[in-house]
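The block underneath contains the structure these notes are about, expressed in structure tokens.
The values are calculated or read from the model by the stated rules, or taken from the named source; none is laboratory data. Keep in mind the model is a prediction, meaning the values are calculated, not measured. Heads up, the Cβs are rebuilt from the backbone with ideal geometry, glycines too, and the neighbour counts pull from every protein chain shown.
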Amino acid sequence: MLEVGTKAPDFELPDQNGQLHKLSDYLGRKVILYFYPRDNTPGCSRQASGYSELYDQFVEQGAVILGVSKDSVASHKKFEEKYGLKFTLLSDTERKVIEAYDVWKEKKNYGKVSMGVVRTTYLIDEQGIIVMANGKVKTADDAEKMLQVIG
């Protein structure tokens, strides 16, 4: 996980509609950049739905929400449509951004060891500096906690 106080690495990734987004496009706004393992899994769906439910409140606070996983653009589009998501999902199939943000790690699940995305949420300020990093995200209340932090 990247340290608080460091400049957030810039990147360019496609969203669920194939449109490219650069982190630097959002300078001047607060950015909630969250990394999640996979579309359409219970925890990831719960987390995304939480952000979508509170989306208007994030916008009122001048914040943008960017969810990142290694899923494809097509997978993100289906995920967006299935859950009516209101925010941007970014596809990092080559894991370049996932690795730049140090969230590709060894994980243990039911005794099995594998590599994967460690669910992590970053808050990036208007100048592009990481002001919060949470590597112990609880999917049920991540969005609510982030809204409290920026509010």
When Tyr34 is run through (1) among the hydroxyl-bearing types (Ser, Thr, Tyr); (2) farther than 24 Å from Gly151 by Cβ; (3) at pLDDT 95 or above, the failure sits at (2)
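Rundown of residues vs (1) surrounded by 15 or more Cβ atoms within 10 Å (Cβ to Cβ); (2) on the phi > 0 side of the Ramachandran plot; (3) of a type in the set (Phe, Trp, Tyr), yes/no style:
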| site | (1), (2), (3) |
| --- | --- |
| Leu66 | yes, no, no |
| Phe79 | yes, no, yes |
| Phe87 | yes, no, yes |
| Glu94 | no, no, no |
| Val103 | yes, no, no |
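If you check Lys70, Lys96, Lys78, which single one turns out to be closer than 15 Å to Asn17 by Cβ, at pLDDT 95 or above and of a type in the set (Lys, Arg)? Talk me through it step by step, then tell me what you get.
Working: Lys70 fails: closer than 15 Å to Asn17 by Cβ; Lys96 fails: closer than 15 Å to Asn17 by Cβ.
Criteria check complete, one pass: Lys78.
I need a count of the residues in the stretch 108-120 that are surrounded by fewer than 14 Cβ atoms within 10 Å (Cβ to Cβ) and closer than 21 Å to Asp142 by Cβ. Break it down into steps so the answer makes sense when it comes.
In the first step, residues of the stretch 108-120 are kept if they are surrounded by fewer than 14 Cβ atoms within 10 Å (Cβ to Cβ); the result is 108-115.
If we keep only those that are closer than 21 Å to Asp142 by Cβ as well, we get 109.
Number satisfying all stated conditions: 1.
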Looking at the stretch 5-31, I want the residues that are in a helix (DSSP H, G or I) and surrounded by fewer than 13 Cβ atoms within 10 Å (Cβ to Cβ) and have a partner that is modelled with pLDDT of 95 or more and not aromatic (Phe, Trp, Tyr) with Cβ atoms under 8 Å, at least 6 apart or on another chain. Which pairs are those? Ser24/Asp10; Ser24/Gly128
Pick from Ser24, Ser72, Ser49, Ser45: which is hydroxyl-bearing (Ser, Thr, Tyr) and in contact with a strand residue (DSSP E or B) (Cβ under 7 Å, 6 or more places away or on another chain)? Ser72
Where the second residue is of a type in the set (Lys, Arg) and the first is exposed (fewer than 14 other Cβ atoms within 10 Å of the Cβ) and lies in the stretch 128-151, which pairs have Cβ atoms under 7 Å and are six or more apart or on separate chains? Ile129/Lys7; Ala140/Arg46
Could you list, in sequence order, the residues of the stretch 32-52 that are buried (at least 20 other Cβ atoms within 10 Å of the Cβ) and of a type in the set (D, E, K, R)? Asp39
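Limited to the stretch 88-104, what total is found for residues that are out of contact with any helix residue (DSSP H, G or I) (no Cβ under 6 Å at 6 or more places or on another chain) and in a loop (DSSP other than H, G, I, E, B)?
Pass one, the stretch 88-104, residues out of contact with any helix residue (DSSP H, G or I) (no Cβ under 6 Å at 6 or more places or on another chain): 88, 90, 93-103.
Cutting the leftovers down to in a loop (DSSP other than H, G, I, E, B) gives us 93-95, 101-103.
Number of matching residues: 6.
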